[in-house]
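Chemist: My questions all concern the structure below.
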Amino acid sequence: MGDSESKRDNLFANPLGAVSGFVFDQAVVDVFPDMISRSVPGYETIIAHTGELASRFVQPDTNCYDLGCSLGASTMAIGHSIEGRNANVVAVDNSTAMLEKCKVILASDSATSAVKLVNGDICDIDIHNASLVVMNFTLQFVPVEKRPGLLKTIYQGLNPGGCLIISEKLSFEPESLNKLLSDLHHDFKRGQGYSDLEISQKRDSIENVLVPETLDTHIQRLRACGFKSASPWFQCFNFCSLVAIK
């Protein structure tokens with residue numbers, strides 16, 4: 001695979017002293033496919049079904065947006081599902097390192113759908129003539145106060161019948177349930193070969209960078225934007241993917 005090859009994630013394997021805030025820099029890019037597949041239960045299922053949903057919802061001559069595209073997994077799943085529809089995929093990320101690697105990966109992909117890579121803040125992107133918008137594990141990194149405005153922009157840019165996919169880490173109430181699902185997630189990571197030190201240091205690094213919300217908060221905000229339906233279609237432990245239809 002050459003340049004698209006992923007290394008094993010051992011970024012938090014050694015004691016770091018003061019753990020710095022998590023950023024999507026070159027070190028993370030180099031291990032990202034391994035990191036996310038070993039950290040997010042059901043990730044491959046969510047990506048595959050992002051493609052399935054694209055096949056159902058993407059209309060000819062419309063735009064699809066992958067907001068927070070990272071290395072393009074969702075972009076490629078969409079692209080393979082909509083070939084021959086003259087639809088465009090706009091893939092956006094604010095990490096230059098991510099987009100540089102994404103460009104290399106997409107260059108070796110067999111999908112023929114048009115893809116435009118955009119380096120920018122997803123809150124500033126013009127969304128129009130959209131039949132599909134995807135945020136797979138992206139909204140959780142957007143400042144909470146900016147989330148309603150972003151979702152309103154997405155809603156306004158979607159065509160009637162358009163689809164929004166949001167995949168997120170969730171928080172739960174009461175705290176006893178939140179702890180149970182968090183413990184199950186940490187057990188999953190141990191099963192994937194992460195040590196207690198790695199789990200602890202990654203948690204410290206991502207705290208206050210990734211800010212999860214409850215499922216009710218997500219659904220109420222989507223309905224407030226005007227979406228006629230909003231519902232989870234996949235959940236494993238404290239990770240969930242929702243679909244909202246305009």
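The values are calculated or read from the model by the stated rules, or taken from the named source; none is laboratory data. Everything numeric in this text was worked out from a predicted model, so none of it was measured. Note: ideal-geometry Cβ built from the backbone for every residue, glycine included; neighbour counts use all protein chains shown.
Chemist: Looking at this structure, is S231 touching a Ser or Thr at 6+ places or on another chain (Cβ under 7 Å) and hydroxyl-bearing (S, T, Y)?
Modeler: So S231 fails the test.
Chemist: Also, quick follow-up: Kindly check whether there is at least one residue in region 68-82 that is surrounded by 14 or more Cβ atoms within 10 Å (Cβ to Cβ), modelled with pLDDT under 95, among the hydroxyl-bearing types (S, T, Y) and part of a loop (DSSP other than H, G, I, E, B).
Modeler: no
Chemist: Do we have any residue at all in region 51-60 that's in contact with a helix residue (DSSP H, G or I) (Cβ under 6 Å, 6 or more places away or on another chain) and either of a type in the set (K, R) or surrounded by fewer than 20 Cβ atoms within 10 Å (Cβ to Cβ) (or both)?
Modeler: Checked region 51-60: at least one residue is in contact with a helix residue (DSSP H, G or I) (Cβ under 6 Å, 6 or more places away or on another chain) and either of a type in the set (K, R) or surrounded by fewer than 20 Cβ atoms within 10 Å (Cβ to Cβ) (or both).
Chemist: What is the number of the single condition among (1) buried (at least 20 other Cβ atoms within 10 Å of the Cβ); (2) under 15 Å from the mean Cα position of the chain (by Cα); (3) not basic (K, R) that P212 does not meet?
Modeler: (1)
Chemist: With the condition kept exactly as written, say whether any residue in region 192-208 is in contact (Cβ under 8 Å) with a residue 24 or more places away in the chain, of a type in the set (A, V, I, L, M, F, W, C) and under 25 Å from L53 (Cβ atoms).
Modeler: No: region 192-208 contains no residue that is in contact (Cβ under 8 Å) with a residue 24 or more places away in the chain, of a type in the set (A, V, I, L, M, F, W, C) and under 25 Å from L53 (Cβ atoms).
Chemist: A further question follows. Let me spell it out: the conditions are (1) more than 18 Å from V58 (Cα to Cα); (2) of a type in the set (A, V, I, L, M, F, W, C); (3) without any contact (Cβ under 8 Å) to a residue 60 or more places away in the chain, and A87 meets all of them except one. Which number is the exception?
Modeler: (1)
Chemist: Go through the residues of region 35-55 one by one and say whether even a single one is in contact (Cβ under 8 Å) with a residue 24 or more places away in the chain, charged (D, E, K, R) and in a helix (DSSP H, G or I).
Modeler: yes
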